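I have placed the structure first, in the form of structure tokens, so that the comments after it can refer back to it.
The values are calculated or read from the model by the stated rules, or taken from the named source; none is laboratory data. On a predicted model such as this, the values are computed, not experimentally measured, just so you know. Cβ coordinates were reconstructed from backbone atoms using ideal geometry, including for glycine residues, and neighbour counts include every protein chain displayed. Each accessible area value is taken on the protein alone, full model and side chains, heavy atoms only, with ligands, DNA and RNA left out. Shrake-Rupley method; radii C 1.70, N 1.55, O 1.52, S 1.80 Å.
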Amino acid sequence: MEEEKYLRMSKNERIQHFLLLSTFITLVITGFMLKFPEAFWVKWITAIIGTKTFELRGVIHRIAAVMMLATSFYHLLYIIFNKRGRQLVKDLWFYKSDITDVLSSVKYLIFSSAPKPKLGRFSYIEKAEYWAVVWGTVVMGATGFMLWFENAFLPLIGMGGMNVATAIHYYEALLASLAILVWHFYFIFLNPDVFPMNKAWFTGYLTRKQMEHEHPRELEQIEKSLNKDKIKDNDIVTQ
């Protein structure tokens, strides 16, 4: 008998996630190539591509930036005009229950006797990650646009302003890279509960066992909703 599966990410959402993931990784590689041209991995890339590596790097970086901003704009339309998208934002918003979840998680990690907190569709960690991506995209997009069209912005903000934009762009890129590559990738690939990989980003579904372990509160809400629908259907039949 096939195990029950629950939709975690729709096909639309998985495509958005893939575009964000691929453009982000491309931007990280091409961006740090400019910052650290003498790094061993940059020399490997240069040896493979040839003398036009850094010329090509700039082109790819800008194409990836435009694609990421286009994906972000599409996501904005998705959360405004799509019912599931609007629900996504509601579920990713912070509530008082998140404070309780944080405290309960700390107790669970420190005291083995403490019960494990029941998390909903998105934990406080996932919510923080989502809004960090939103913030990072705005900051990186704005500063990147200024650096791209330097000739237009230099007369307006001066060299001091351009230096500030460069510093913000670099340190935000560094922070985002560490957050994704260390923090997010740990929970997707290295977390013992999901190792070697949480396949939801690829298949779109979680098993019942995964739901019970990772999102028990959401599972309870789904089952309550199903029971209500069954009761309504029975009422219609009996009438």
In Å and on Cα atoms, what radius of gyration and Dmax does segment 93-236 show? 21.8, 72
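Mind giving me the FRET efficiency for H213 and N82? R0 is 25 Å, r the Cβ-Cβ distance, nearest 0.05 is fine.
On the way: r = 29 Å, r/R0 = 1.15.
For R0 = 25 Å, the calculated efficiency reads 0.30.
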Angle between the Cα long axis of helix 216-238 and the longest principal axis of the chain, 0 to 90 degrees, nearest 10? 50
Decide, for segment 7-126, between rounded, prolate and oblate: order the square roots of the alpha carbon gyration tensor eigenvalues as a ≥ b ≥ c, take rounded if a/c falls under 1.5, and otherwise choose prolate if a/b is larger than b/c, else oblate. oblate
Angle check, please: helix 40-49 long axis (alpha carbons) against the longest principal axis of the chain (alpha carbons), in degrees 0 to 90, nearest 10. 80
For the chain, the longest principal axis of the Cα atoms and the Cα long axis of helix 83-92 enclose an angle in degrees, to the nearest 10, of 80
As an exercise, identify the chymotrypsin sites (Phe, Trp or Tyr not before Pro) in segment 88-141 lying in DSSP coil whose Cβ has no more than 10 other Cβ atoms within 10 Å. F111
Express in Å², to the nearest 10, the accessible area of S113 obtained by rolling a 1.4 Å probe over the protein heavy atoms while all chains stay in place. 110
Evaluated at 20 °C and 1.002 mPa s, the Stokes-Einstein D of segment 51-117 based on the Kirkwood radius over Cα pairs, in µm²/s, stands at 134
I need two numbers for segment 86-138: Rg to one decimal and Dmax as a whole number, Cα atoms only, in Å. 12.9, 43
Among S112, A179, Q16, whose Cα projects farthest towards the positive end of the dipole of the chain, with charges put on the beta-carbon of Lys, Arg (+1) and Asp, Glu (-1)? Q16
Percent relative contact order of the chain, based on C-alpha pairs within less than 8 angstrom and at least six residues apart? 28
Accessible surface of E150 in the full protein assembly, 1.4 angstrom probe, to the nearest 10 Å²? 80
